[in-house]
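Below is one structure, written out as structure tokens; comments come after it.
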Amino acid sequence: MPAHAPALHVAPNGSDANPGTRAKPFATLERARDELRARKKAGALPPGGVAVELAGGTYERGKPFDLAAEDSGAPEAPIVYRARSGADVRISGGRLVTGWQPMTDKALLERLEPAARGKVLQADLKALGITDFGSPGGGGLELFFNDEPMQVARWPNEGFVKITGLVEPDTVNVRGTKGSKAGKFMYDGDRPRRWAGEKDVWLHGYWFWDWSDQRHAVESIDVEKRVIAVKPPYHGYGYRVGQWFYAFNLVCEIDQPGEWCLDREAGKLYFWPPSPIEKGRAVVSVAESLMTLKGASHVTFRGLMLENCRGTAVAVQGGTHVRLARCTIRNLGGYAAKIEGATDSAVVGCDIYGVGEGGISLQGGDRKTLTPARLVAENNHIHHYGRWSRMYKAGIHLGGVGNAARHNLIHNAPHIAIMFGGNDHVIEFNEIHSVCYESNDAGAIYAGRNWTMRGTVVRHNYLHHISGFQGRGCVGVYLDDMFCGTDIVGNVFYRVTMAAFIGGGRDCTVANNIFVDCPRALHIDSRALGWARGHTEGWVKEGRDKGTHLGIRFKEPPYSTRYPKLVNILDDEPFAPKGNVIERNIFVGERWNDVDGRAKPYVAMKDNLADADPLFAGKPPASFELRKDSPAWKLGFQRIPIEKIGLYKDADRASWPVEHAVRPMPEPPAPKPRVPQGPPPVAKLQPGTPAKIAIERGIEGEKLSPPSTATLTWEGANLRVAIDNAVDPTKPLRPGPTWGQDDAVEVAIRNPAAGKAAPIFVLRGFPNGHFESSTEAGAPEAAAKKTGEAVKFTAKIEGKDRWTAQYLIPFAALGIDPAKHKKLEFNITVRKTAAPAWLMWRGTGGYSWEVAKAGLLELAP
């Protein structure tokens, strides 16, 4: 819109009785909106549209500014709400807090730390007319001072404390991970003794999994037994020893500048200001939202500062060509902007930070018809978000069909940078770093659990310095739980603990990427063939019964034509990770290929550079450009346009230049030291003569107890393996039938004489007599099944301290001729749940069935 377009003017010192001129402006946005409605009724808006120009100052709002379909502009006459040139325009959902006084309650003063006494002030919010405080659990009142979010009083001030015990243990067991259904647990230390008299204590914790948090009100604290009970509803996954939490909303824990607490019953706000209160500006959030648009079209907001509301700043539903440009959106409790059900709309050039949830959510397009919405998040600087709702509140969230996130800079967040679901999105030219710092098993770019959500391209992004909570590892691009049909192309990954991750999905491409100093650059697994089979079985049943997958008719157009590989998926090994292509990637680091054995036969790998210097023009991260003589060019590698990644200078960029710093990366936990084990052990077998071996080594070679003993006997055409397992008599045996969760024994064997492609046969038995021939190490399903049918397995629980197992393994079922094949790679593993521990003949440092790292059977000539 041209600067000279007709304008209505609004100013904080204006009057709604004025005509809305620059000299006599309106006071409110509503008055300007109503004037536009009247003008539209009288005739069309003038060509070029109309601007509503806001003079500098703060516009306090107790409720959102609402626009409806009748407030739309037109393609040739858009409406723009904009800041006057050079003006600082604040749309605030907060109220200024005045009347600060020293804390006078003697009992409260006594409970404060000595250093805080005389520093903590109080204000009466009820006297200011503020009575709706919301809940400490989320969505309530917050305090901002000098444009910074203040910290609700908590203990500890940084980090977490851990659950040390459970009152009702072992009522939850997820694949061997045990916990409690009840929110009653133990802690160390005596700090909670100080909390006597606190009215409303809350805890925030990661109670069972590292990626699922929840806030709880405290029901009771037994300071003698050191037991905390939280109020139901309890966390959906349960509670686990070693997980972490902190306490908050305690007046007595105001022990450093910047902390505050609200007595909701009395309406008293307590605050230790970080600088003199009389020279600062204290604001509490009051309004739920700042702007809502329902069905409005051809409307732009430009150059505004939106702040201090409890929920989402700008919520758009429906309409078309709605645009937020060059805005600063900060210090609020929800998202910066949500656009749902609209088309051809965008958030561009905005600075977004200090938000309680996520940055931008774009949800639009019709998945049934694959009609795109063309919603865009571009050139935004999004950082320090997820301040209140820590998990699954992304910097940018794309849903629906045909939306894009490009040229954004996203950093410093506890969880995801970009989350997507749906179809045909484009995620490109973004720089992402320092995210997922408070979570593990998480992804900077994340999607999961759907066969039909295909067609998204993740290309030309730079992901770096992503390591997870306590340095324990997170993922760059995470395609979780059988997510399919996504291309990861032309990205740069630097110091990302697990860079590209395909969690059992199909038809994904990882091509032309650069991976540098990523401990595990590539991960592909076959989880639907194992522990996640239950998820996929439901999909298969729905597909056969209804011809749908999660409600989508994937065998019919447009899905059958847009994604032809979907049509026959039910008859094409639906549980297998088929169709994944890994090509023309550059890997620099210790370990690039973490593809599990069952997945390997399905993965096409070609033209990857993993064992040679790619010859960068400079040392990464200073440069990821390749020299002209790089061996990668001969493999078909295509240059990545690195110079285009990230933010760019533009008239609609809220600030320039943009500065940002990488969050210090924590040191990863020290790995268990590898114990020198000497040369691989060899069991020499004479026909009919038993040979005993000790099963007493941990994964890293450490000696463990109680040990097991195996007796191996070569009986002509068969191998007999008898295993005697001592167990802890004070803890119950778990008889099966789930590997990893229950007590079990595993025999792994491979014939190296059959070449590199020779399968590893994995034979697992349990104390209850259950037996399975696993394909986990990559043995073809038909071969594994044939072997399983030929092997005889028996087991017996001998008492509280012992159980035994015996295998009779025909050599022919393994493709072994004992007359010709004299050396066999071999390992035995015993799972003992009481410890819990994995005991092996030889520790492999990885999977128990990696027999090339284990021992040898030698059949005497």
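Points to keep in mind about this one:
- When the Cα positions of PHE248, ALA282, CYS261 are compared along the charge dipole of region 243-287, ALA282 comes out farthest toward the positive end, with charges on each C-beta of Lys, Arg, Asp and Glu.
- Each label point was placed 7 Å from the Cα along the Cα-to-Cβ direction; for LYS555 and ALA115 their separation is 6.9 nm.
- Extension gain (nm, one decimal) between VAL174 and GLU219, 0.36 nm per residue minus Cα-Cα: 13.5 nm
- Here the Karplus relation 6.51 cos²θ - 1.76 cosθ + 1.60, evaluated at θ = phi - 60°, turns the backbone of region 258-266 into coupling constants of x, 8, 8, 7, 10, 8, 5, 5, 8 Hz, with x for every Gly and Pro.
- Highest mean first, the peptides 566-574, 458-466, 362-370 sorted by other C-beta atoms within 10 Å per residue fall in the order 458-466, 362-370, 566-574.
- When region 682-859 is described by a simple charge dipole with +1 on each Lys and Arg Cβ and -1 on each Asp and Glu Cβ, the residue from VAL762, TYR847, LEU824 located farthest towards its positive end is LEU824.
- Pairwise Cα distances in region 457-591 exceed 23 Å in 39 percent of cases.
- Residues of region 345-383 with amide N under 11 Å of a point placed 7 Å along Cα→Cβ from TYR648: 379
- Gained length - THR738 relative to ALA87, 0.36 nm times residue gap less alpha-carbon distance: 227.8 nm
- Between 0 and 90 degrees, the angle of helix 533-546 with respect to the longest Cα principal axis of the chain falls at about 70 degrees.
- The label point for LYS792 and the one for LYS692, both projected 7 Å from the Cα toward the Cβ, are 2.5 nm apart.
- Computed magnitude of the charge dipole of region 251-313 (debye, nearest 20; Cβ of K, R +1, Cβ of D, E -1): 460
- Sequence-separation-based contact order of region 161-248, relative, with Cα cut under 8 Å and 6+ spacing, percent: 39
- Sequence-distant contacts, meaning Cα pairs under 8 Å at least 6 residues apart, place the relative contact order of the chain at 7 percent.
- Using the Cβ-Cβ distance between LYS800 and ASP200 with R0 set to 56 Å, the FRET efficiency works out to roughly 0.70.
- Available extension along the chain between PHE160 and ASP124 is 9.8 nm, counting 0.36 nm per residue and deducting the alpha carbon span.
- Correct choice for volume of the Cα convex hull per residue in Å³ that was computed from the model, options [x] 209; [y] 191; [z] 238: [y]
- Likely footprinting exposure, VAL80, VAL251, fewest C-beta neighbours within 10 Å first: VAL80, VAL251
- Set LYS756/LYS820; LYS606/LYS822; LYS393/LYS832 screened for pairs whose C-alpha atoms are more than 28 Å apart: LYS606/LYS822; LYS393/LYS832
- In degrees, nearest ten, helix 781-790 long axis to first principal axis of the chain (Cα): 40
- Value of relative contact order over region 703-772, rounded to a whole percent, pairs C-alpha under 8 Å and six or more apart: 22
- Computed helical MRE - 222 nm, the chain, DSSP H runs ≥ 4 contributing -39500 (n - 2.57), nearest 500: -1500 deg cm²/dmol
- Net charge dipole, region 682-859: roughly 280 debye, given to the nearest 20, about the Cα centre with Cβ charges of +1 for Lys and Arg and -1 for Asp and Glu.
- Distance between the 7 Å Cα→Cβ label points at VAL581 and THR131: 6.6 nm.
- Each part reduced to its alpha carbon centroid, region 542-582 and region 751-780 end up 30 Å apart.
- When +1 charges are put on Lys and Arg Cβ atoms and -1 charges on Asp and Glu Cβ atoms, the dipole computed for region 379-493 relative to its Cα centre reaches about 200 debye.
- Reduced Cα scattering model of region 668-740, Debye log10 I(q)/I(0), q = 0.13, 0.18, 0.24, 0.28 Å⁻¹: -0.59, -0.97, -1.14, -1.22
- Cβ-based charge dipole, region 514-602, positive-most Cα from PRO519, THR548, HIS535: THR548
- Per-residue Cβ neighbour rank within 10 angstrom, fewest leading, SER467, SER361: SER467, SER361
- D by Stokes-Einstein for region 164-222, Kirkwood Rh over Cα pairs, 10 °C, 1.306 mPa s: 121 µm²/s.
- When each of LYS40/LYS294; LYS294/LYS565; LYS692/LYS823; LYS555/LYS578 is checked by Cα-Cα distance, pairs over 27 Å: LYS294/LYS565
- Peptides 766-773, 603-610 ranked from most to least packed by the mean count of surrounding Cβ atoms within 10 Å: 766-773, 603-610.
Quick note: the coordinates plus some simple rules give every number you see, no bench work behind them. Here the structure is a predicted model, which is why all the values come from computation and not from measurement. So basically every Cβ, Gly included, is an ideal-geometry build from the backbone, and we count neighbours across all protein chains shown.
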